[in-house]
Amino acid sequence: MAANGIIQHAGIAVILLLLIGHHSTNAFSSSSSLSSRTSTIRTTATAKTTRTELYSSSTSTVQPSESSTIGTVGSGYLPILLSKLAAHRQHGKSWIICPTADMDKMAQLSSIDGFGTPQPNLELVPASDTDRVEELLAETDALMIGTDDVESVVDPSILNYLMDPEKVKNLKRVVAMSRNLNGSGMGMFVSASRKAANAQVWDNSSAEAYRQYEANVQSAAQNCGADWTIVRAGTLKGGACGETNANAENADEAAAKNYPQYLHQSFYEMTKNDIITWQLLFDCNVRGVKLARGDVMSGPGFKAVFAATGSDEHEGDSGRCGVAEAMLRSLEVERAANVDFGVGTVASREVPSEEEWESLFRECLS
């Protein structure tokens, strides 16, 4: 390889390491839109895969198949959850870029058994291995981008690298997690709750950076001929499988179902800062989801002090599991191309079924 090629690859490796690793310590610590249409799911039926006109096999959708490839980029717990869920949903290949220092932790969180045994269709790619990243980009059908940290957005140079028309030949859809940016339900109480109770409370203080990020995602996607979807979140909570009855410490945990498609239960130890982690209680109590088209969801307002680490349904919250499901499932929905929608929480001990997810998207995007 020519010297300038080596320098270029080294530069890309540094950029990727900065993207994935810059906020890893924080992320793994314990601590103008379309009209509104909201749909809500509180209870579930038995899951059964169905396909209707909402899930057309058009060139703008990416349906799970042996040949579909989903790539994930970002920092924090949400990207790990996205990549694990993509593998569980039976896409042929799911891959995620990982900082070397976090490989073992990410392998544990993305495993079913907690011993780092990956699903056969999930690949953890070291950020330094740019050759492998570019091999995967060449066959990738969809990219999912998200970060946990409320102050982090992906740099335009990274977006342009990931969506370089010379590198991505099959890319159909880019799904990026953004935030609720309308400012409703924000203010001094929300800012105070972030300082006093939970550093990852979304208080709208980085709204302008996120607006520019959304524009950068849309521009890069259009430049390589892909559709885009913006999925909005508030304060991210939970994200794991729940607790097994054998390890339950109270009645709420004992009654909750276990969902192994989400992060391994070691997530709760990693985020624990009290005798009982509120992240676990949240996952036990708030599995329901609501969607709203556009940037219309509200923050917690004067209830922010109760919502910051609350394990009940609150305005301004978004469950990581619900956000990840919405991002991944939007790939299969033709009407989700080139639109934005928000994800909120609904009290429920069960996740939405296949039929209920279809209803959520239909009501939100019709």
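For the stretch 66-105, which positions are of a type in the set (A, V, I, L, M, F, W, C) and in contact with a His (Cβ under 7 Å, 6 or more places away or on another chain)?
Ile70
Among the residues of the stretch 41-73, which ones are at pLDDT 95 or above and over 16 Å from Ser330 (Cβ atoms)?
First pass over the stretch 41-73, keeping only residues at pLDDT 95 or above: 61-73.
If the condition is that a residue be at pLDDT 95 or above and over 16 Å from Ser330 (Cβ atoms), then Ser65, Glu66, Ser67, Thr69, Val73 are the ones that fit.
Does at least one position in the stretch 332-348 carry a residue that is β-branched (Val, Ile, Thr), under 19 Å from the mean Cα position of the chain (by Cα) and in a helix (DSSP H, G or I)?
Taking every residue of the stretch 332-348 in turn, none turns out to be β-branched (Val, Ile, Thr), under 19 Å from the mean Cα position of the chain (by Cα) and in a helix (DSSP H, G or I).
Take the residues in the stretch 92-149 that are among the β-branched types (Val, Ile, Thr) and more than 19 Å from the chain's Cα centre (by Cα), then tell me which one is nearest to Met177 (Cα to Cα).
Here the residue is Val133.
Which residues, counting only those in the stretch 94-117, are surrounded by fewer than 20 Cβ atoms within 10 Å (Cβ to Cβ) and outside any helix (DSSP H, G or I)?
Ser111, Ile112, Asp113, Gly114, Phe115, Gly116, Thr117, listed by residue number.
Condition check ((1) open to solvent by less than 10 Å² (accessible area, probe 1.4 Å); (2) of a type outside the set (Ser, Thr, Tyr)) across all residues:
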{"position": "Tyr262", "(1), (2)": "yes, no"}
{"position": "Ser266", "(1), (2)": "no, no"}
{"position": "Asn273", "(1), (2)": "no, yes"}
{"position": "Asp283", "(1), (2)": "yes, yes"}
{"position": "Ala292", "(1), (2)": "yes, yes"}
{"position": "Asp295", "(1), (2)": "no, yes"}
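Sort out which residues of the stretch 219-249 are in a helix (DSSP H, G or I) and either crowded, with 20+ Cβ neighbours inside 10 Å or modelled with pLDDT under 95 (or both), and write them in order of number.
Ala220, Ala221, Asn245, Ala246, Asn247
Within the stretch 64-92, which residues are out of contact with any Leu (no Cβ under 8 Å at 6 or more places or on another chain) and farther than 26 Å from Gln279 by Cβ?
Scanning the stretch 64-92 gives Pro64, Ser65, Glu66, Ser67, Ser68, Gln90, His91, Gly92.
Cβ-Cβ below 9 Å, separation at least six or inter-chain, first residue in the stretch 136-156 and more than 24 Å from Phe267 (Cβ to Cβ), second crowded, with 19+ Cβ neighbours inside 10 Å and at pLDDT below 95: which pairs?
From the stretch 136-156, the pairs are Asp155/Leu19.
Checking Ala324 against (1) aliphatic (A, V, I, L, M); (2) in a helix (DSSP H, G or I); (3) within 17 Å of Ala347 (Cα to Cα), only one condition comes out false. Which one?
(3)
Can you spot a residue in the stretch 70-82 that is open to solvent by 30 Å² or more (accessible area, probe 1.4 Å) and not hydroxyl-bearing (Ser, Thr, Tyr)?
Kept after step one, since they are open to solvent by 30 Å² or more (accessible area, probe 1.4 Å), are these residues of the stretch 70-82: none.
Taking every residue of the stretch 70-82 in turn, none turns out to be open to solvent by 30 Å² or more (accessible area, probe 1.4 Å) and not hydroxyl-bearing (Ser, Thr, Tyr).
Of all residues in the stretch 169-180, count the ones that are touching a helix residue (DSSP H, G or I) at 6+ places or on another chain (Cβ under 7 Å), surrounded by fewer than 24 Cβ atoms within 10 Å (Cβ to Cβ) and not hydroxyl-bearing (Ser, Thr, Tyr).
2
Within the bounds of the stretch 138-148, is there any residue that is in contact with a Lys or Arg (Cβ under 8 Å, 6 or more places away or on another chain), modelled with pLDDT of 95 or more and in a helix (DSSP H, G or I)?
yes
Under 6 Å between Cβ atoms, at least 6 apart or on separate chains: pull out the pairs that start in the stretch 198-219 with a residue that is more than 11 Å from Val153 (Cβ to Cβ) and end on any residue that is assigned to a helix (DSSP H, G or I).
Note: pairs meeting the criteria are Val201/Ser193; Val201/Arg194; Asp203/Val190; Asp203/Ser191; Asp203/Arg194.
In the stretch 299-309, what residues are part of a loop (DSSP other than H, G, I, E, B) and either open to solvent by 10 Å² or more (accessible area, probe 1.4 Å) or among the aromatic types (Phe, Trp, Tyr) (or both)? Quick ask: steps written out before the conclusion?
Start the filter on the stretch 299-309 by keeping residues that are part of a loop (DSSP other than H, G, I, E, B), which leaves 299-300, 308-309.
Residues satisfying the conditions are Pro300, Thr309.
Could you please tell me which pairs satisfy a Cβ distance under 6 Å, a separation of 6+ or placement on different chains, a first residue in the stretch 320-336 that is over 11 Å from Leu78 (Cβ atoms), and a second residue that is aromatic (Phe, Trp, Tyr)?
Listed by first residue and then by second, the contacts come to Arg329/Trp357; Glu332/Tyr55; Val333/Phe361.
In the stretch 266-291, which residues are β-branched (Val, Ile, Thr) and assigned to a loop (DSSP other than H, G, I, E, B)?
Filtering the stretch 266-291 for residues β-branched (Val, Ile, Thr) gives 271, 275-277, 286, 289.
Residues satisfying the conditions are Thr271, Ile275, Ile276, Thr277.
The values are calculated or read from the model by the stated rules, or taken from the named source; none is laboratory data. This structure is a prediction, so every number in the text was calculated from the model and none was measured. Note: ideal-geometry Cβ built from the backbone for every residue, glycine included; neighbour counts use all protein chains shown. What goes into the accessible areas is simple: the full protein's heavy atoms, side chains included, and nothing from ligands, DNA or RNA. Shrake-Rupley method; radii C 1.70, N 1.55, O 1.52, S 1.80 Å.
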